[in-house]
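Notes follow once the structure below has been shown.
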Amino acid sequence: MVPPTENSSQAYDEHSIQLIEGLDAVRKRPGMYIGGTGPEGLHHLVWEIVDNAVDEAAAGFANLIEVTLHKDRSVEVTDNGRGIPTGVKDGKRTALEYVFTELHAGGKFGSGAYSASGGLHGVGASVVNALSTKLIVEVDRDGQTQRLSFSERKPGRFGPNGGFKATSQLEVVKKIPPKRTGTRVRFWPDNEIFDPEAQIEYGQVRDHVAQVCFLVPGLKVRLHDKRGSEAREPEEFVAKGGLSDYVDFLSIGEAVSEIVTIFGSGTFVEKVPVDGKMTDVTRPCQVGVALRWVKGYDTTLVSFVNTIPTREGGTHVAGFERAMTKVVNDVLLSSTKKLAKLAKQGKDRAEKSDVQEGLVAAVKVTFAEPQFKGQTKGELGTPAVQNIVYEAVRDGLTNWIEGGGRKTHVTAVRDKIAQAVLNRVSAKQTLDAKRKAANLGSTGMPDKLADCRTHGLGSELLLVEGDSAAGPAKAGRNSEYMAVLPLRGKVVNAGKSNLKQVIENAEAQALITAIGAGSGRDFKIEDARYGRIIILCDADVDGSHIRCLLLTLIYHYLRPMLEEGRVFAAQPPLYTVKVGDQKFHAYSDDDKERLTVELCTGTNRKRENLQWVRFKGLGEMDVDELAESCLDPETRILRRITMEDAFVAKEAGEMFEVLMGSDVAKRRQFLLDNSSLVDLESLDV
Ligand code: TSJ
């Protein structure tokens, strides 16, 4: 093997240039590697370096890490591990140099230990070098401290006067006791890359470090912040119990059970390219779990791969959850009498949500070369891990239930989960009943609502009487902003009913739900899903009755809509007549007479030749007729309903009760008393 020389012409061969180009790619798109150029990007750099040291500790070779935030914006991280290998790899460059110059330094060579490294999910320490103006790494091993410096990403050494000499050769700094080992990295983030105001937050570093400590029991982390005008006292973190300490730390409220710890392991085979050939590699995988139940309903589930938090879970969490649900059902609940009644209906199985009510758990797997998925790479993708975790948790939890755990604690958990099942089933029955009453679909909107695509002030909710009119209304509307709610059943008389009766009335419920802004005192007009309510009812008695009931309902429960003038009634014409290819509408008998005169005056048209057609009802109009008379803003006539109108309607609603009632004598009398209020002709009594 040829030792690296100090000849600088050899320091830049073709391979060096390739490496530098790789790092330039990082500089072009830093967001791709560290998620941004603000504080979160800076933090990523720190985690990358810290996590590499943590991996050395997790592997059992280091127990002290120090992190220092310097005044000159640089960050220094030290560990007492074995020291990054300093051997020469390709006749020229050391392993140490590759760590900081080659993207994804892990997978390619060496023991593969780097590949298990947490770091930035595998992007590696080279990304930190790529985004720094200066980086200095020192390795203590074999009785000496060796140093390699990087200036603008290029390896070399700084002279005593600040000059820089490019070289791959390590600088021997000093002699040290032969047993002392460790790695020290200090880097200066590039101000050209990062936002000028971006700063590393001490609190964030502390949180990260605290979490890491829980993952590596016995590891001590010391934090120094030398940036402020007054030096902060260094803080020290150490967690002896690992995951169970973490679960204890995460537990809020009274505990239902002790902390259960589960350890297991397995292996899986993965195909990996080695020198271009796909080769089977057997990978061992360790599983660590700590869990407990506390009073309350929230679930706290944290998960990790190596020392990397997996915020979105992944295959390890899937295996954990499957095992939990399975064992709770097959082992824990199999002997409970609490669910006997539900068992008869086949509803006694605990679901994931029941099992996890009040659960606090930490799940961790350790194995080489994890694959990550998802937008933020926060989800473990390696498929084989699911079953390894499943088996470990299945066996561990079964063992706790069947005698490993304190009996009273097992019983308390059994009762808690059984209660969760009972609560869920009974809550669902109540909800189903309510849904059924209101015919609510799974969207939470009434099943029969034909909604529009755009909501807000420009949109309309058409309340259409009867099924036959609903079809043409749906077909003829502009579904961008017009929604149709057919009303077919009986609308409750809100003036005479209590709240419970109104809520139980399907038509009332459908309307209130569709508006989506609550009702009564709790009505919030700013939440109304539509700008206007438009009532489409026939001009006959039934139509009038329904209109009265609707207005009464709106008056009592959605009043601000009326107050703001957002309630209308469509006025379909009573008669139409065709003259040539023109159509004319009359909305009353007077109107018809006026139009008749108008159409005949000054023409040779005779009034008996005008073929007036009387509309019987909305349901008899075809799509075009309905669209023209009730839907098309250009041609329809709407009447704005005032508070006064609604009040009258509310009173009139009572009149209809009488009219529609079965007491013939009362009805007669009413008609005689109120003949001016109703179109007697249209009454079929
Ligand atoms: F991120 C980093 F690379 F810059 C970095 C790495 C930063 C810091 C502060 C520490 C480390 C680091 C790496 N500490 N310890 C190690 N260990 C190794 O790289 C190592 C040592 C020995 C062996 C071996 O097989 O003998 C293997 C490895 C990967």
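The values are calculated or read from the model by the stated rules, or taken from the named source; none is laboratory data. This structure is a prediction, so every number in the text was calculated from the model and none was measured. Cβ sites come from the backbone with ideal geometry, for glycine too, and all protein chains shown count toward neighbours.
When you look at L19, is it outside any loop (DSSP other than H, G, I, E, B), in contact (Cβ under 8 Å) with a residue 60 or more places away in the chain, under 16 Å from W188 (Cβ atoms) and within 16 Å of the ligand (Cβ to nearest atom), yes or no?
No, not satisfied.
Identify, please: which residue in segment 560-586 is buried (at least 18 other Cβ atoms within 10 Å of the Cβ) and under 12 Å from M643 (Cα atoms) and is, among those, modelled with the lowest pLDDT?
Taking the candidates together, the pick is L562.
It is to be established whether one or more residues within segment 439-459 are at pLDDT below 80 and either over 32 Å from the mean Cα position of the chain (by Cα) or among the aliphatic types (A, V, I, L, M) (or both).
We begin by selecting, within segment 439-459, every residue at pLDDT below 80; these are 439-444.
Narrowing the set further to residues that are either over 32 Å from the mean Cα position of the chain (by Cα) or among the aliphatic types (A, V, I, L, M) (or both) leaves 440.
Yes: segment 439-459 contains one or more residues that are at pLDDT below 80 and either over 32 Å from the mean Cα position of the chain (by Cα) or among the aliphatic types (A, V, I, L, M) (or both).
For G266, work out the one condition from (1) in a strand (DSSP E or B); (2) in contact with a Ser or Thr (Cβ under 6 Å, 6 or more places away or on another chain) it doesn't fulfil.
Answer for G266: the failing condition is (2).
Given E66, E48, which one is within 11 Å of the ligand (Cβ to nearest atom) and modelled with pLDDT of 95 or more? First the steps, then the outcome.
Working: E48 fails: modelled with pLDDT of 95 or more.
After ruling out the rest, the residue left standing is E66.
Would you please name the residue that is nearest to the chain's Cα centre (by Cα), looking only at residues in segment 69-101 that are of a type in the set (G, A, S) and more than 9 Å from the ligand (Cβ to nearest atom)?
Checked segment 69-101; the qualifying residue nearest to the chain's Cα centre (by Cα) is S74.
When you look at E270, is it surrounded by fewer than 22 Cβ atoms within 10 Å (Cβ to Cβ), within 25 Å of the chain's Cα centre (by Cα) and either within 28 Å of D415 (Cα to Cα) or not aromatic (F, W, Y) (or both), yes or no? Please lay out each step first, then the result.
Values: surrounded by fewer than 22 Cβ atoms within 10 Å (Cβ to Cβ): yes; within 25 Å of the chain's Cα centre (by Cα): no; either within 28 Å of D415 (Cα to Cα) or not aromatic (F, W, Y) (or both): yes.
In short, no.
Restricting to strands (runs of 3 or more DSSP E) lying wholly in segment 134-204: which have 3 or more residues that are within 13 Å of the ligand (Cβ to nearest atom) and crowded, with 16+ Cβ neighbours inside 10 Å?
Qualifying strands (runs of 3 or more DSSP E): 182-189.
Identify all residues within segment 23-45 that are part of a helix (DSSP H, G or I), within 22 Å of D225 (Cβ to Cβ), away from the ligand (no atom under 12 Å from the Cβ) and touching a residue at least 40 places away in the same chain (Cβ under 8 Å); write none if there are none.
Across segment 23-45, the qualifying residues are I34, P39, G41, L42, H43, H44.
Output the qualifying pairs, or none if there are none: Cβ atoms under 8 angstrom, residues six or more apart or on different chains, first residue in segment 525-549 and outside any helix (DSSP H, G or I), second residue of a type in the set (D, E) and surrounded by 24 or more Cβ atoms within 10 Å (Cβ to Cβ).
Filtered contacts from segment 525-549: L536/E465; C537/E465; D538/E465.
With the checklist (1) in contact with a His (Cβ under 7 Å, 6 or more places away or on another chain); (2) at pLDDT below 90; (3) within 10 Å of the ligand (Cβ to nearest atom) in hand, flag the one item G122 doesn't pass.
(3)
Working carefully through the options K344, K373, find the one that is loosely packed, with under 15 Cβ neighbours inside 10 Å and either over 18 Å from L301 (Cβ atoms) or in contact with a strand residue (DSSP E or B) (Cβ under 6 Å, 6 or more places away or on another chain) (or both).
It is K344.
Quick one: how many residues across segment 218-234 are buried (at least 16 other Cβ atoms within 10 Å of the Cβ) and more than 16 Å from T307 (Cβ to Cβ)?
Residues meeting the conditions: 5.
In segment 395-438, how many are buried (at least 19 other Cβ atoms within 10 Å of the Cβ), among the small types (G, A, S) and at pLDDT 75 or above?
Final tally of qualifying residues: 3.
Answer yes or no as to whether S479 is over 19 Å from R566 (Cα atoms) and assigned to a loop (DSSP other than H, G, I, E, B). Before you say what the answer is, go through the steps one by one.
Values: over 19 Å from R566 (Cα atoms): yes; assigned to a loop (DSSP other than H, G, I, E, B): yes.
Judged against the criteria, S479 is a match.
Of everything in segment 52-63 that's surrounded by fewer than 23 Cβ atoms within 10 Å (Cβ to Cβ) and either part of a helix (DSSP H, G or I) or among the hydrophobic types (A, V, I, L, M, F, W, C) (or both), which residue is farthest from the ligand (Cβ to nearest atom)?
Filtering segment 52-63 for residues that are surrounded by fewer than 23 Cβ atoms within 10 Å (Cβ to Cβ) and either part of a helix (DSSP H, G or I) or among the hydrophobic types (A, V, I, L, M, F, W, C) (or both), the one farthest from the ligand (Cβ to nearest atom) comes out as A58.
Can you find even one residue in segment 83-104 that is at pLDDT below 90, small (G, A, S), out of contact with any strand residue (DSSP E or B) (no Cβ under 7 Å at 6 or more places or on another chain) and crowded, with 19+ Cβ neighbours inside 10 Å?
no
Looking only at residues that are free of Cβ contacts under 8 Å to residues at least 60 places away in the same chain and not polar (S, T, N, Q) in segment 330-369, which one is nearest to Q211 (Cα to Cα)?
Filtering segment 330-369 for residues that are free of Cβ contacts under 8 Å to residues at least 60 places away in the same chain and not polar (S, T, N, Q), the one nearest to Q211 (Cα to Cα) comes out as K352.
I need every pair where a residue in segment 71-83 that is more than 18 Å from V209 (Cα to Cα) has its Cβ under 8 Å from the Cβ of a residue that is within 6 Å of the ligand (Cβ to nearest atom), sequence separation at least 6 or different chains.
R82/E56; G83/T183
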